[in-house]
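The values are calculated or read from the model by the stated rules, or taken from the named source; none is laboratory data. On a predicted model such as this, the values are computed, not experimentally measured, just so you know. Backbone-built Cβ (ideal geometry, glycine too); neighbour counts: all protein chains shown.
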Ligand code: CTP
């Protein structure tokens, strides 16, 4: 079965929904954001409740929709902490953004939870204005939009088309899919990885015993594919060299080369290495291969054959010795005892910038799981143990660290 690689859309999105007719499109917007890999927390203004049901939005986002600063519940009151919400978010998207909300944003008014979140937000803010055409052309609205843009708010749309009034013109909210596409493009171009060449090795290798049998391992490639997807989402051009896996890599910025043996992987990776800015070697490469693969299928003899093995080339060690200044080299280490010391030894021996220490001890980590538990150790001996997370989140954490290393490497 062919499985989709993990989603590429990065972030925790705080979606502000305000009271305009275009709010009827927001269930689709939530779905598009979730499909792209985001966790979505919806905050509605009171007026938005007239246009779209909070029940629909909370069902699709799998989180309660928030509107009030203080939520009255029988016998108690719950304070919706706007500071916490703003800090939680990697991105604030206000869609639709009405003329009224845009005006309040431009002038620092704070009469609802969404505006409190906006005033507390330090993350990138995007707004998708939606209003009728004369309203959109009004001088006060234009001045408010210009002010917000000047202060760093990214505007998405509006677009030209038929409006709810029946008029035709500029003012229609950009469609949900197009909003998500613009977010992806915009976020990708902000990363230090934008425009960089990233090489990723993934999956297992197979070392032939004869035309039918091979020595392999349990790697599924999920971690490597998540890394490739995340690097592409941040605007990198990715060379993904993978052993045999049942995963798809759909992003147009990922060029995929399928290989089978450690020797094929080495040939392909070594050819790409001089052109890359970052190399992440997550493949589980066989350390040994049969000296000679039989040319025809070995028959069951009386005696079991003895396999004579020889070492494969260590691609990571080769890259460490060939690395030029500015290149960032990342290796993985799978250790079972003295984990940290062994991983630090590998980092030094192979001249790495970062080593990802994989755990096999923890439930839910390692081969085949959708989750992983790793520690990151860099060449400055910074050590960070990460909790059990999805492989997509682990990929994000690794690439966050690589972004820092890239800025040091300049
Ligand atoms: N690796 C590689 N080429 C190989 C073997 C491993 O590029 N022929 C890379 C893996 O992709 C991974 C790292 O080396 O990034 C870790 O490999 P591992 O087998 O754990 O470490 P070794 O260096 O083989 O050391 P040891 O067996 O002593 O743990």
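Is it the case that region 348-368 has a residue that's within 16 Å of the ligand (Cβ to nearest atom) and in a helix (DSSP H, G or I)? Yes; the residues of region 348-368 include at least one that is within 16 Å of the ligand (Cβ to nearest atom) and in a helix (DSSP H, G or I).
The residue that is surrounded by the fewest Cβ atoms within 10 Å (Cβ to Cβ), counting only those in region 142-152 that are assigned to a helix (DSSP H, G or I) and under 35 Å from the mean Cα position of the chain (by Cα), is 150.
Within region 197-228, the residues that satisfy the criterion of being out of contact with any helix residue (DSSP H, G or I) (no Cβ under 7 Å at 6 or more places or on another chain) and farther than 30 Å from residue 297 by Cα are 224, 225, 228.
Among the residues of region 336-346, those identified as within 11 Å of the ligand (Cβ to nearest atom), surrounded by fewer than 23 Cβ atoms within 10 Å (Cβ to Cβ) and not in a loop (DSSP other than H, G, I, E, B) are 339, 342, 345, 346.
Conditions (1) surrounded by 20 or more Cβ atoms within 10 Å (Cβ to Cβ); (2) within 16 Å of the ligand (Cβ to nearest atom), marked per residue:
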{"residue": "252", "(1), (2)": "no, no"}
{"residue": "255", "(1), (2)": "no, no"}
{"residue": "263", "(1), (2)": "no, yes"}
{"residue": "269", "(1), (2)": "yes, yes"}
{"residue": "281", "(1), (2)": "yes, yes"}
{"residue": "286", "(1), (2)": "yes, yes"}
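If the condition is being farther than 30 Å from residue 286 by Cα, more than 19 Å from the chain's Cα centre (by Cα) and assigned to a loop (DSSP other than H, G, I, E, B), then region 170-227 contributes 173, 174, 175.
Say we look at region 318-335 and pick out the residues that are surrounded by 16 or more Cβ atoms within 10 Å (Cβ to Cβ) and assigned to a helix (DSSP H, G or I); which of these is farthest from the ligand (Cβ to nearest atom)?
320
Within region 62-88, the only residue that satisfies the criterion of being without any contact (Cβ under 8 Å) to a residue 12 or more places away in the chain and surrounded by 15 or more Cβ atoms within 10 Å (Cβ to Cβ) is 81.
Would you be able to say whether some residue in region 298-307 is within 11 Å of the ligand (Cβ to nearest atom), free of Cβ contacts under 8 Å to residues at least 60 places away in the same chain and either farther than 27 Å from residue 226 by Cβ or in contact with a helix residue (DSSP H, G or I) (Cβ under 8 Å, 6 or more places away or on another chain) (or both)? Even if it seems obvious, please write down each step before you answer.
First, the residues of region 298-307 that are within 11 Å of the ligand (Cβ to nearest atom): none.
Checking region 298-307: not a single residue is within 11 Å of the ligand (Cβ to nearest atom), free of Cβ contacts under 8 Å to residues at least 60 places away in the same chain and either farther than 27 Å from residue 226 by Cβ or in contact with a helix residue (DSSP H, G or I) (Cβ under 8 Å, 6 or more places away or on another chain) (or both).
Scanning region 89-102 turns up no residue that is free of Cβ contacts under 8 Å to residues at least 40 places away in the same chain and within 13 Å of residue 117 (Cβ to Cβ). Right, residue 397: more than 22 Å from residue 277 (Cα to Cα), modelled with pLDDT of 90 or more and in a helix (DSSP H, G or I) or not? No: the conditions fail for residue 397. Assess whether residue 372 counts as being within 11 Å of the ligand (Cβ to nearest atom), modelled with pLDDT under 95, within 14 Å of residue 394 (Cβ to Cβ) and in contact with a strand residue (DSSP E or B) (Cβ under 8 Å, 6 or more places away or on another chain). No.
Please verify whether residue 311 is in contact (Cβ under 8 Å) with a residue 60 or more places away in the chain and either exposed (fewer than 15 other Cβ atoms within 10 Å of the Cβ) or near the ligand (Cβ under 9 Å from one of its atoms) (or both), treating the condition exactly as stated. The answer is no for residue 311. Residue count for region 347-369 satisfying the condition of being surrounded by 14 or more Cβ atoms within 10 Å (Cβ to Cβ) and within 15 Å of residue 220 (Cα to Cα): 5. Here the strands (runs of 3 or more DSSP E) wholly within region 51-136 that include at least 2 residues being modelled with pLDDT of 95 or more are 91-97, 125-129. Among the residues of region 288-297, those identified as surrounded by fewer than 17 Cβ atoms within 10 Å (Cβ to Cβ) and more than 13 Å from the ligand (Cβ to nearest atom) are 291, 292, 293, 294, 295, 296, 297.
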